[in-house]
Amino acid sequence: MTAETPTLTDPHDWLKRRSRWSAFEIAFWVASLLPFLLFQTYLPLASQIAITALFAVSVDLVLGYAGIITLGHAMFFGLGAYAAGLISKAGW
């Protein structure tokens, strides 16, 4: 087999097919970043949505492309939520 013809099990060919951006992904990022430009009064909500979207994309990269099961993402996300809850309960 020559180097010019990719096989069905060639990982480079598979990654090239998977690395193209779809319209859904572009719409997702535009929708998550649009409030920063249009709705200046809703910046806290928009930043929380962007943080959650970044968390979802990072988990998708780890689970989807790498196939690795990780609990570290959930631990840091939950730890941050717990700390924010304790801080807000204290009145800060």
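A few comments on the model shown:
- Restricting the range 13-27 to residues that are of a type in the set (Phe, Trp, Tyr) and at pLDDT below 80 leaves a set whose member that is farthest from Ala81 (Cα to Cα) is Trp14.
- For the range 34-57, a tally of residues being farther than 22 Å from Gly80 by Cα and either in a helix (DSSP H, G or I) or within 18 Å of the chain's Cα centre (by Cα) (or both) returns 7.
- Odd one out for Gly78 among (1) in a helix (DSSP H, G or I); (2) open to solvent by 90 Å² or more (accessible area, probe 1.4 Å): (2)
- Residue in the range 58-68 that is open to solvent by less than 80 Å² (accessible area, probe 1.4 Å) and not in a helix (DSSP H, G or I) present: yes
The values are calculated or read from the model by the stated rules, or taken from the named source; none is laboratory data. None of the values given here were measured: they were computed from a predicted structure. The area values use the complete protein model at the heavy-atom level, side chains included, leaving out ligands, DNA and RNA. Shrake-Rupley method; radii C 1.70, N 1.55, O 1.52, S 1.80 Å.
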